[in-house]
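Report on the following structure.
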Amino acid sequence: MKILVCVTSVPDTTTKITFTDNNTKLNKAGVTFITGPYDDYALARAVELKEQAGGTVTVLNVGGADAEPVIRKCLAIGADDAIRVNAEPTDAYFVAEQIAAIAKDASYELILMGRESIDYNGGQVHGIVAELLGLPSISPVMVLNIDGDTAKITREIEGGKEEIEAKLPLVLGCQEPIAEWKIPNMRGIMTARTKPLKVVEPVANEQLTAVSHYELPAPRGAVKMIPADEAEKLIQLLHTEAKVI
Amino acid sequence: MSVLIFVELDEGKLKKSSQEAIFYGAKVAEMTGTTATAIAVGQADDSELATAGRFGATKVLHASDTRLNEPNGMAYATVVAAAAQQEGSTVVVLAKSSLADAMTARLAGKLKAGLAANVIELPDLSNGFVVKSSIYTGKAFAYNELKAGIKILAIKKNTITPEETDASATVDSFSPALNDSDFVISVKSTEKATGDILLPEADLVVSAGRGMKGPENWGLVEDLAHALHAATACSKPVSDLDWRPHHEHVGQTGIKISPNLYIACGISGAIQHLAGVNSSKVIVVINKDADAPFFKSADYGIVGDVFEVLPRLTAAVKAL
């Protein structure tokens, strides 16, 4: 099985987000970048499928050279090789076009990624990639098993889940509990250093969207505390003051 | 040239989030000097669809081919793309949902559209077409200029409060060509909680964490939720421990919600949990630990034992 896993390099989930340059750039000072948590699930499942049935796992990132530590970690976890498209990921369509250009003639049976990146949370890239390649897309995938040329999938829907079957090739957006996150071991880290990481230039693209600037949410007002033995007062306040019930 | 709004049906009825999308689309139509057209896909009565008029749509296109009876993101995207072409629409609005999420991307691919997800305000047309969206899981906002000829806006719950009139929309049947390649995924079975309020649609949410000590104590949470007509939610550890199903998990790696009221019981408030709920209008935190970080992000707080506080709150709601 030939699997492509697309990963993002994103600020750690505990990051306090701030901006610089008049709110036009993310302040990267002191920020740790990690593989997108959802992408990590996709990668872990891809490595498991390879271990079960053989094949290859290729990791793909659209990003600058500063994303390479994240890519090397994916190689250490068990991917065989990696491709970095040398461009800032400006929007979902741009990233999807880059992925589609790489995947177009490469006959991957599975193209996996996280259900969404945790920076823009759009959750759109897998669907656009699939549309550009003329393939089905399914997200968010919680269980993925392969039986011959058929994928057996559990997808989360509002208030529940559904069991799906579809023929490969497929593009899937993944989330927990598709696999346990994998932590690279020392051997993985050593071999990752010599695994191939190819850098390619982006395909030309028409800019469909642009971020003009960013903003931080206004802080909430001070919390109003209610003594536990007067808990009923909370309901009165929600009714008469906050007017939400 | 009309603004096109995808209307999602739940058992033949307009979903509440779609009413919000119609009202939003109608406002954009007003701003751009055009009309709002809704597109509904699947089984529904014309009389129900005509209620889209109350929220500002002048016309509803109804695609009711029997192959569209079951929600199918790919086929629905094909239908909406065809409707956008027929109407010459340059703005397409959808309310975020698991179905709409599956459609938005495919639509963007088909129409080569400029796409903004998690939109939280009406667009600013004073200098191009700029929309504000929630990013970094609610920790920040981006102002996105949509430069493409066709713009797709996926709006978050509570972006706008719909106002109703007694207007009615005309309903036209719509039968675009369908692609066989959109019907290659087969849904074998669906498991869906019935009778409960869907969490992403809920105005009020009662949520609980490990402070509840075990799944057997969830009755207290459910009692308050039922009294308030609220949905129930939980923190990640609770879903990881299988105390509650995954679709109730709110937070960074679960679902993100923006209800009017979020009541957190026995949840300490890790930054990853806050990320999923911080766009709630009002946040209430109940925790026995006065130092729980969640109190810093709350509007109202009670330091106390959830096992004593919850029944008192339920009784107080019933007495309202």
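Miscellaneous remarks
- Residue satisfying all of: in region A:151-174; more than 7 Å from chain B (Cβ to nearest Cβ) and over 14 Å from A:Leu135 (Cα atoms); surrounded by the fewest Cβ atoms within 10 Å (Cβ to Cβ) among these: A:Lys152
- Some residue of region B:26-33 being assigned to a strand (DSSP E or B), surrounded by fewer than 22 Cβ atoms within 10 Å (Cβ to Cβ), more than 22 Å from the chain's Cα centre (by Cα) and assigned by TED's automatic domain parsing to the domain that holds B:Ile160: no
- Residue within region B:208-221 that is open to solvent by 10 Å² or more (accessible area, probe 1.4 Å), assigned to a loop (DSSP other than H, G, I, E, B) and out of contact with any Pro (no Cβ under 6 Å at 6 or more places or on another chain) present: yes
- When A:Asn22 is tested against (1) surrounded by fewer than 16 Cβ atoms within 10 Å (Cβ to Cβ); (2) more than 13 Å from every other protein chain (Cβ to nearest Cβ), exactly one condition is not met: (2).
- Filtering B:Ser279, B:Ser297 for residues that are facing another protein chain (nearest Cβ under 7 Å), open to solvent by 10 Å² or more (accessible area, probe 1.4 Å) and under 27 Å from B:Ile160 (Cα atoms) leaves a single hit, B:Ser297.
- Flag for A:Ile71 being of a type outside the set (Gly, Ala, Ser), under 23 Å from A:Pro202 (Cβ atoms), touching a residue at least 60 places away in the same chain (Cβ under 8 Å) and open to solvent by less than 40 Å² (accessible area, probe 1.4 Å): yes
- Residue list for region B:114-135, restricted to those being at positive phi and either in contact with a Leu (Cβ under 6 Å, 6 or more places away or on another chain) or open to solvent by less than 20 Å² (accessible area, probe 1.4 Å) (or both): B:Asn118
- Near pairs, Cβ below 9 angstrom, 6+ apart or cross-chain, from region B:41-54 (without any contact (Cβ under 8 Å) to a residue 24 or more places away in the chain) to any residue that is open to solvent by 20 Å² or more (accessible area, probe 1.4 Å) and outside any loop (DSSP other than H, G, I, E, B): B:Ser47/B:Val171
- Residue count, region B:275-293 (criterion: within 18 Å of the chain's Cα centre (by Cα) and not small (Gly, Ala, Ser)): 4
- Residue under evaluation B:Asn72, criteria (1) surrounded by 21 or more Cβ atoms within 10 Å (Cβ to Cβ); (2) closer than 20 Å to B:Lys156 by Cα, criterion not met: (2)
- For region B:136-155, filtered to residues that are within 7 Å of chain A (Cβ to nearest Cβ) and among the small types (Gly, Ala, Ser), the residue that is surrounded by the most Cβ atoms within 10 Å (Cβ to Cβ) is B:Ala142.
- Any hit, region B:229-249, residues being out of contact with any strand residue (DSSP E or B) (no Cβ under 9 Å at 6 or more places or on another chain), open to solvent by less than 10 Å² (accessible area, probe 1.4 Å) and either not assigned by TED's automatic domain parsing to the domain that holds B:Glu308 or not basic (Lys, Arg) (or both): no
- Residue check for B:Ile197: touching a residue at least 12 places away in the same chain (Cβ under 8 Å), open to solvent by 10 Å² or more (accessible area, probe 1.4 Å) and within 11 Å of chain A (Cβ to nearest Cβ): yes
- Each residue in region A:173-196 was checked for being among the hydroxyl-bearing types (Ser, Thr, Tyr) and without any contact (Cβ under 8 Å) to a residue 60 or more places away in the chain, and 1 pass.
The values are calculated or read from the model by the stated rules, or taken from the named source; none is laboratory data. In this text, all values refer to a predicted model and were calculated from it rather than measured experimentally. Every residue, glycine among them, receives a Cβ derived from its backbone with ideal geometry; neighbour counts consider all protein chains shown. Heavy atoms of the whole protein, side chains included, go into the accessibility calculation; ligands, DNA and RNA do not. Shrake-Rupley method; radii C 1.70, N 1.55, O 1.52, S 1.80 Å.
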